[in-house]
Amino acid sequence: MLEKINSPADLKKLSPDELKELAQEMRETVVKQVAATGGHLASNLGAVDITVALHKVYNAPTDKIVWDTGHQAYPHKLVTGRYKDFHTLKQYGGLSGFLKREESVYDAFGAGHATTSLSAALGMAVARTKLKKKYDVVAVIGDGAMTGGMAYEALNNAGEIDEKIVFILNDNRMSISKNVGAISKYLNRIMSHPTYNKFKDEMWDIAGRLPQGKGLQKIVSQVDAGLKRMLTPGGFFQDLGIRYFGPVDGHNLDELIEILAAVKLLPGPNLIHVVTTKGYGWDKSEQDAIKWHASNPFDIDSGKPKAAPAKTPSLTQVFGEAMLEIAREDKRIIGITGAMLEGCGLNIMQKEIPDRVYDVGIAEQYAVTFAAGAACDGLKPVVAVYSSFLQRAFDQIIHDVAIQHLNVTFILDRAGLVGLDGPTHHGAMDLSYLNMIPGMVILAPSDEKELRNHLYTAMKYNDGPIAMRYPRGSAYALDEKLPFEEIPIGLPRVIEEGENLLILSVGHMLAYARKAVEMLRAEGFKPTVVDARTVKPLNAKAYGDLFARHSSVLTLEDNVLSGGYGSAVALLLEELGYSNLPVKHISLPDEFVTHGDVPTLHRISGMDAEAIHKKALELLRPV
């Protein structure tokens with residue numbers, strides 16, 4: 001059936017039974033695709049029925065359907081003309097795993113992160129009104145996005161500006177009792193019915209014409225709000241000036257279509273609370289939605305990974321285990337994350353000492369200020385999130401941590417290019433946005449042994465904020481469980497002593513540097529290879545000694561050049577009087593890098609061993 005759906009217009013022609021058949025086929029297609037190439041699974045399975053109902057009732061792309069947490073939009077892609085290309089999902093040159101305006105006119109707003117839909121949709125509603133256009137706006141938020149502060153900022157403003165809009169709360173973590181559900185279903189039909197709302201408005205007008213009309217109007221309003229507050233959980237939204245409907249069964253297509261069609265006709269802001277099961281429609285993901293939130297390729301029948309388990313642990317696991325080891329010895333250490341316990345490895349510490357690990361939800365701003373408060377009174381908070389997610393708390397890092405010179409440690413997982421998740425998740429700018437903050441120390445370990453020692457150093461540091469960043473991926477199978485050693489902050493580590501060319505490498509770019517040097521040595525060159533270790537501060541004396549012994553410099557980093565390590569080295573060369581020393585840089589390009597496997601992305605970005613070798617020869621054999 002999906003082969004015949006080239007646009008939502010084709011979906012609208014289907015009967016209720018055919019829509020249910022389509023929904024089932026969509027689930028099977030999502031499972032097959034993720035099993036083949038990996039991707040987000042449970043969140044998409046839970047959003048299938050909402051997707052079908054929305055495209056049945058609304059007229060996209062004229063009507064604007066705005067999705068939050070873009071990883072629940074696979075079903076949306078399937079019915080908006082992208083089924084034939086769905087096999088390319090998250091592959092280099094193929095469909096994005098998230099919403100992308102340049103990919104389709106049906107993607108009203110790009111979304112890779114969470115908690116953006118309500119704000120963006122309100123902006124669209126205002127644009128519609130100001131420009132005197134005619135279209136409906138609906139926003140779908142869920143899968144944890146309601147834990148983010150921006151959602152509540154938008155809700156607060158929605159009641160104030162009173163634009164016609166519909167919010168869908170996709171609640172996939174809350175069960176619904178039968179008695180509340182039955183009452184709610186009854187109230188939804190009454191409250192959303194145009195006749196009821198017309199009658200209520202007429203009663204309001206009649207009461208206003210009577211001698212004591214204002215008092216009667218107040219009573220009508222109190223009775224209406226009071227009944228809803230007693231019988232439904234929507235009092236919070238009602239108080240903000242938003243009509244509330246729900247909870248609604250998010251897997252009952254007939255009911256979803258009915259409530260959507262009714263609420264679509266109402267003025268002002270409206271919220272429909274839809275209860276779904278994350279992972280719905282596939283037994284394995286229903287039983288363990290966290291495990292199947294996202295997955296590498298797997299066998300559908302057994303659920304087992306297609307690839308053999310990695311022989312080495314992930315760097316995330318190395319961090320998690322090291323964190324636990326250090327926290328056992330220092331009772332002041334607490335771990336803080338934003339809905340990323342497993343993603344950042346803090347689940348390892350949580351299992352043994354759960355009272356010292358805090359998952360605050362998708363609320364990075366709160367996480368940082370929460371950590372600042374804890375640091376004020378003597379704790380050693382460690383904030384662990386993905387590199388690109390910490391961007392959302394940039395002001396809090398400056399205002400609440402750095403200005404007050406507080407001892408907060410930031411752990412940035414997924415630094416550099418992350419691969420298939422693409423530009424919204426690449427950690428391309430952390431060195432730049434942290435480097436500009438006065439007093440910030442930045443560490444970049446080049447392997448798992450260094451990661452453990454860098455973390456140990458950060459935990460011993462007591463002179464303000466400190467950050468450590470590392471990429472997504474596996475360790476190098478080194479013997480990383482050696483005793484911890486504190487590293488000297490600011491001092492680079494010479495890996496191979498040579499002459500003429502000085503190669504300064506940040507973090508895991510060192511692996512590419514080693515390969516490039518092998519090629520250079522085969523051609524008779526013997527460059528010096530240095531592991532920067534610290535990106536900020538740079539020890540002037542140590543770097544001055546290195547500059548004095550070489551005739552050219554090449555910097556390597558998996559970060560944009562502007563404001564990053566290469567920029568800092570260039571400034572240092574000038575400050576120390578070596579501005580005549582030829583210098584070149586290998587870094588991420590000044591653009592948003594697409595999605596694809598990391599080796600391919602490094603190659604097309606000019607960051608792999610071959611690119612380093614070529615750039616080095618330009619310095620060693622100047623024209």
note = For segment 39-116 the chymotrypsin sites (Phe, Trp or Tyr not before Pro) that pass both the DSSP coil test and the at-most-13 other-Cβ-within-10 Å test are none
key: Net lengthening on full extension, residue 526/residue 296 (0.36 nm per residue, minus Cα-Cα)   = 78.7 nm
request  = May I ask you to list the lysines whose Cα is less than 26 Å away from that of residue 304, ignoring any residue fewer than eight positions away on the same chain?
outcome  = 32, 90, 278, 284, 291, 351
task = Using R₀ = 60 Å, calculate the FRET efficiency as 1/(1 + (r/R₀)^6) where r is the Cβ-Cβ separation of residue 476 and residue 3; round to 0.05.
result = 0.85
request  = Just tell me which lysines come within less than 24 Å, Cα to Cα, of residue 130; anything on the same chain fewer than 8 places away is out.
outcome  = 64, 164, 264
key: segment 490-584: GluC sites (Glu not before Pro) in DSSP coil with no more than 13 other Cβ atoms inside 10 Å   = 497, 499, 523
Proxy reagent accessibility, fewest Cβ within 10 Å first, across 543, 280, 565, 476 = 476, 280, 543, 565
query = Which entry is the computed Rg/Rh (Cα atoms, Kirkwood Rh) for this structure: [x] 0.99; [y] 1.03; [z] 1.01?
reply = [y]
note = Straight-line reach check, residue 481, cutoff 12 Å on alpha carbons, 8 or more apart in-chain or any other chain, hits among aspartates and glutamates -> 321, 325, 448, 450
ask   = Helix 509-522 versus the longest principal axis of the chain: what is the Cα-based angle in degrees, 0 to 90, to the nearest 10?
value = 40
query = What angle do you read, to the nearest 10 degrees and between 0 and 90, between the alpha-carbon axis of helix 194-209 and the longest principal axis of the chain?
reply = 70
ask   = List the trypsin sites (Lys or Arg not before Pro) in segment 105-137 that DSSP assigns to loop (not H, G, I, E or B) and whose Cβ has at most 15 other Cβ atoms within 10 Å. Which are they?
value = 132, 133, 134
ask   = How many angstrom lie between the C-alpha centres of segment 1-33 and segment 370-405?
value = 46
ask   = Rounded, prolate or oblate: which fits segment 262-329 when a ≥ b ≥ c are the square roots of the eigenvalues of the alpha-carbon gyration tensor, with rounded for a/c under 1.5 and prolate only if a/b beats b/c?
value = oblate
query = Taking a ≥ b ≥ c as the square roots of the eigenvalues of the Cα gyration tensor of segment 373-518, is the shape rounded (a/c under 1.5), prolate (a/b larger than b/c) or oblate?
reply = prolate
ask   = Around residue 514, with a cut-off of 13 angstrom between Cβ atoms, what is the net charge of the other residues, counting Lys and Arg +1 and Asp and Glu -1?
value = -3
request  = Sort 119, 314 so that the residue with the fewest other Cβ atoms within 10 Å of its own Cβ comes first and the one with the most comes last.
outcome  = 314, 119
ask   = Using alpha carbons only, how many degrees (0 to 90, rounded to 10) separate the axis of helix 448-460 from the longest principal axis of the chain?
value = 80
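Here, each number is a calculation from the coordinates, and none is a lab measurement. All values derive from a computational prediction rather than experimental measurement. Note that we place each Cβ from the backbone using ideal geometry, even for glycine, and neighbour counts take in every protein chain shown.
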